[in-house]
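Novice: Structure below; questions to follow.
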Amino acid sequence: MGKYFGTDGFRGEANVVLTAEHAFRVGRFLGWYYGKDKKAQIAIGKDTRRSSYMFEYALAAGLTASGADAFLLHVTTTPSVSYVVRTEDFDCGIMISASHNPFYDNGIKIINGMGQKIEAAVEEQIERYIDGEHPEIPLATGERIGRTVDFTAGRNRYIGYLMSIPAHSFKNMKVGLDCSNGSASSIAKSVFDALRAKTYVINNEPNGTNINTDCGSTHIEVLQRSVKDNQLDVGFAYDGDADRCIAVDHQGNVVDGDKILYICGKYLKEQGKLANDTIVTTVMSNLGLYKALDREGIAYEKTAVGDKYVCENMMANGHSLGGEQSGHIIFSRHASTGDGILTSLMLMEALMEKKAALKDLADEVKIYPQILQNVRVSDKKAAREDPKVQEAIAQVEKALGKEGRILVRESGTEPLIRVMVEASSQDECRKYVEDVVQVLRKEGLAVE
């Protein structure tokens with residue numbers, strides 16, 4: 001990870017960590033970088049945060065000042081920017097979003113011409129330019145100055161593309177959608193309506209400050225209540241920029257990314273569409289998923305946490321399905337990044353083809369109890385590498401043996417150390433997580 005860019009872009013509190021000046025300089029660099037021998041064309045999308053408008057205009061000003069044309073998709077999802085970039089021949093795309101973070105945070109995600117997250121080498125050059133360590137970039141003049149273009153049509157083409165993917169009608173299915181007062185608010189319902197589902201939509205009235213607030217994939221209990229109260233067949237919750245999806249069955253049980261990977265992987269294998277009969281996961285996936293995949297004869301690979309790393313593995317090895325427990329799922333046949341709405345459509349396809357309830361398919365995976373605790377720290381690297389912390393982790397690993405595991409890692413987007421334990425019982429998980437957290441506190445590494 002760089003000084004500004006983490007695993008999911010440049011993210012932080014708006015006008016505190018990430019400022020309009022930062023956005024302007026990112027735009028200046030990208031407009032110059034992609035426009036050295038032509039007029040660059042760059043697409044910009046944003047989520048519903050109040051600060052997204054500020055960053056949109058700052059980025060557009062930087063791009064046009066460097067001579068690039070900025071195509072504004074307006075409020076849209078991260079996967080739609082990826083789709084537009086790779087199908088409309090843009091040089092790159094920019095998504096303004098802090099994903100599942102609170103409304104006062106924001107972020108800048110840069111997507112390359114293949115619709116994937118930008119290469120680390122380019123991010124490093126942008127950081128050098130932001131810090132004044134890169135030669136100054138000339139301003140465009142005269143007719144070389146860029147322009148902004150309203151490109152709502154690009155978002156509409158993405159919506160049409162989503163509608164074209166399922167082979168089945170969703171007629172007579174009662175589907176709940178929690179749009180998290182975010183980007184999905186402008187897309188998800190129209191897609192499911194077109195596929196003839198009876199949709200029940202909640203949290204689709206964004207006001208700039210309610211994105212992710214007690215709703216969406218990080219507050220799944222809201223959708224659980226809605227599904228049960230309305231006696232729905234299935235529910236889907238998205239995050240702020242709709243690149244992840246968590247599902248809920250008709251009884252209100254949560255179906256997370258691991259179970260989604262299993263259901264879709266098994267379905268695709270049966271259809272002869274699971275490339276290499278392999279699924280790409282991260283180290284956070286549950287032991288129960290691996291046991292279920294073993295039973296079905298499906299191979300798996302593990303990457304570092306972050307859909308960026310999942311995607312890199314999939315592209316390098318020709319795999320067609322991968323994702324994270326958090327709900328970032330990549331179907332490489334249809335997309336080059338995680339796509340929450342696409343994930344919900346693919347799950348619906350499996351349900352319709354098998355004529356089965358989501359609960360029945362999800363219950364084939366027996367999940368090991370797991371507890372994850374986030375500890376806020378002042379220095380992530382120092383906290384993780386502290387000798388006392390490492391000793392505590394080793395003790396837990398020895399105690400768990402082959403009947404569980406512990407994973408302690410740095411958050412890629414926040415000043416947090418994540419302590420996760422899987423074991424045979426919740427009590428055991430809780431005990432071992434607390435053992436490590438107490439050491440972080442005792443050593444003065446935690447920020448209370």
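Novice: For the pair residue 391 and residue 441, how long in nm is the line joining their label points, each one 7 Å along Cα→Cβ?
Specialist: Going from the residue 391 label point to the residue 441 one covers 1.9 nm.
Novice: Within 10 Å, count the other beta carbons around each residue, average over each peptide in 400-407, 96-103, 188-195, and list them highest first.
Specialist: Put in order of decreasing packing, that is 96-103, 188-195, 400-407.
Novice: Could you order the peptides 233-241, 33-41 from most to least packed, using the average number of other C-beta atoms within 10 Å per residue?
Specialist: For the peptides 233-241, 33-41, the packing ranking is 233-241, 33-41.
Novice: While we're on this one: If you take the beta carbon distance between residue 354 and residue 205 as r and set R0 to 41 Å, what does 1/(1 + (r/R0)^6) give as a FRET efficiency, to the nearest 0.05?
Specialist: 0.75
Novice: Rounded to the nearest 5, what is the percent of antiparallel bridges among the DSSP beta bridges in the range 5-154?
Specialist: 40 percent
Novice: Would you kindly calculate the translational diffusion coefficient of the range 214-261, applying Stokes-Einstein with the Kirkwood radius from alpha carbon pairs, for 4 °C and a viscosity of 1.567 mPa s, and quote it in µm² s⁻¹ without decimals?
Specialist: 124 µm²/s
Novice: Shifting gears a bit: Label point 7 Å out from residue 271 along Cα-to-Cβ: which residues of the range 316-351 have amide N under 15 Å?
Specialist: Residues 320-322, 330-335, 342-351 qualify, since their backbone N sits under 15 Å from the label point.
Novice: For the residue pair residue 296 and residue 120, what label-to-label distance in nm results when each label sits 7 Å from Cα along the Cα-to-beta-carbon direction?
Specialist: Distance between the two pseudo-spin positions: 3.2 nm.
Novice: Which percent of Cα-Cα pairs in the range 266-410 sits in each 10 Å bin, short to long?
Specialist: Whole-percent P(r) values from 0 Å outward: 10, 34, 33, 17, 6, 0.
Novice: Could you give the length gained by full extension between residue 407 and residue 304, i.e. 0.36 nm per residue of separation minus their alpha carbon distance, to one decimal place?
Specialist: Between residue 407 and residue 304, full extension yields 35.9 nm more.
Novice: Take the Cα pairs of the range 137-246, get the Kirkwood Rh, then feed it into Stokes-Einstein at 4 °C and 1.567 mPa s and tell me D in µm²/s.
Specialist: Numbers: Rh = 15.5 Å.
Answer, rounded: 83 µm²/s.
Novice: Another one. What list do you get for 352, 420 if you sort them by fewest beta carbons within 10 Å?
Specialist: Sorted ascending by nearby Cβ count, the order is 352, 420.
Novice: Right, another one. Using only the alpha carbons of the range 370-442, what is the convex hull's orientation-averaged projected area in square nanometres?
Specialist: Answer in nm², one decimal: 4.4.
Novice: Using a Förster distance of 25 angstrom, determine the FRET efficiency expected from the C-beta separation of residue 214 and residue 74, and round it to 0.05.
Specialist: Details: r = 26 Å, r/R0 = 1.02.
Using R0 = 25 Å, I get an efficiency of 0.45.
Novice: Two decimals is fine: what's Rg over Rh for the range 90-163, C-alpha atoms, Kirkwood radius as Rh?
Specialist: Here Rg/Rh amounts to 1.03.
Novice: So how do 17-29, 54-66, 163-175 stack up, highest first, on mean other-Cβ count within 10 Å?
Specialist: Values: 17-29: 21.2, 54-66: 23.3, 163-175: 15.1.
Put in order of decreasing packing, that is 54-66, 17-29, 163-175.
Novice: Can you compute the equivalent ellipsoid semi-axes for the range 165-362, i.e. the square root of 5 times each eigenvalue of the Cα gyration tensor, sorted largest first and rounded to whole Å?
Specialist: Semi-axes from the Cα gyration tensor: 26, 18, 15 Å.
Novice: If you don't mind, there's one more thing I want to ask. Taking the Cα centre as origin and putting +1 on Lys and Arg beta-carbons and -1 on Asp and Glu beta-carbons, what dipole magnitude results for the range 5-154, to the nearest 20 debye?
Specialist: 260 debye
Novice: Here is a follow-up. Regarding the chain, what is the average projected area of its C-alpha convex hull, in nm²?
Specialist: Directional mean of the projected Cα hull area for the chain stands at 21.1 nm².
Novice: A follow-up question, please. Stokes-Einstein D for the range 16-140 at 4 °C, 1.567 mPa s, Kirkwood Rh over Cα pairs, in µm²/s?
Specialist: Once the numbers are plugged in, D ends up at 91 µm²/s.
Novice: Note down the relative contact order for the chain as a percent, whole number, built from C-alpha pairs under 8 angstrom at least six residues apart.
Specialist: 13 percent
The numbers here are math on the coordinates, done by the rules we state, and not lab data. The model shown is predicted, which means the values in this text are computed figures rather than measured ones. FYI the Cβ positions are ideal-geometry reconstructions off the backbone, even for glycines, and counts take in every protein chain you see.
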